[in-house]
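Reading through the structure tokens given below for one structure.
The values are calculated or read from the model by the stated rules, or taken from the named source; none is laboratory data. Everything numeric in this text was worked out from a predicted model, so none of it was measured. All Cβ positions, glycine included, derive from the backbone under ideal geometry; neighbour counts span all protein chains shown. Just so you know, the surface numbers come from the protein's heavy atoms only, side chains and all, with ligands and any DNA or RNA stripped out. Shrake-Rupley method; radii C 1.70, N 1.55, O 1.52, S 1.80 Å.
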Amino acid sequence: MRLVEMETARQDWKGMLCGCGGSAEHLARDLLRLAGGGSGAEPGQVDLEWHVWSPVVLWEPAPAVASVALAALADDIAPAARARFLELLQCLVAGEGTDAESARRGLDLPELCRNVAAQGLWLLYGEVMANRSLVGAGTAFEILTVVEPDRARLHRVRELAADWLPVCCRTGLCDDDLWALDR
């Protein structure tokens, strides 16, 4: 869990406005709890919806949380924590809006989160190809459909991993661009 701790510690959580209206300082503890107590430890129950993301908007801490999620994927954490960080990253890259305060400052939080996630392309490909779980491989693949600019590489990985990807990923239903490649 050292990478998660390191990445969490380098963020200025106190200086960010959380979706709950207060300082995002509590997110550092929440993310560490989500990661669990180390290798094999079970992750804590943490719900970051309405703090970092909602179905409509992302809040200021979202890019920092995306960075911590990538650190978690590179770290030695429990499978349940890995799955939760993948789900969290998926929510962030699929974000559609920016909270009003961040938007006034000219921030495009969904784009910033996608840029952060794109820095972890090989971590995401590793998740797909590791075949640890159908859900994990599928979630990582769906994130890649949003952030991977090399569509031919993504299409090839889809072919290689077809036996363990969910149907939506195998058929291209999770990505319109991939669906167009199959026609």
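Worth pointing out:
- Every residue from the stretch 100-142 that is modelled with pLDDT of 95 or more, in a loop (DSSP other than H, G, I, E, B) and open to solvent by 20 Å² or more (accessible area, probe 1.4 Å): 105, 106, 107, 108, 119
- Residue check for residue 87: part of a loop (DSSP other than H, G, I, E, B), open to solvent by 50 Å² or more (accessible area, probe 1.4 Å), of a type outside the set (Val, Ile, Thr) and in contact with a helix residue (DSSP H, G or I) (Cβ under 7 Å, 6 or more places away or on another chain): no
Okay, residues lined up against (1) at pLDDT 95 or above; (2) of a type outside the set (Val, Ile, Thr); (3) assigned to a loop (DSSP other than H, G, I, E, B); (4) under 17 Å from residue 140 (Cβ atoms):
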{"residue": "26", "(1), (2), (3), (4)": "yes, yes, no, no"}
{"residue": "55", "(1), (2), (3), (4)": "no, yes, yes, no"}
{"residue": "70", "(1), (2), (3), (4)": "yes, yes, no, yes"}
{"residue": "77", "(1), (2), (3), (4)": "no, no, yes, yes"}
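- Test: residue in the stretch 32-48 that is open to solvent by 20 Å² or more (accessible area, probe 1.4 Å), under 15 Å from the mean Cα position of the chain (by Cα) and free of Cβ contacts under 8 Å to residues at least 12 places away in the same chain: yes
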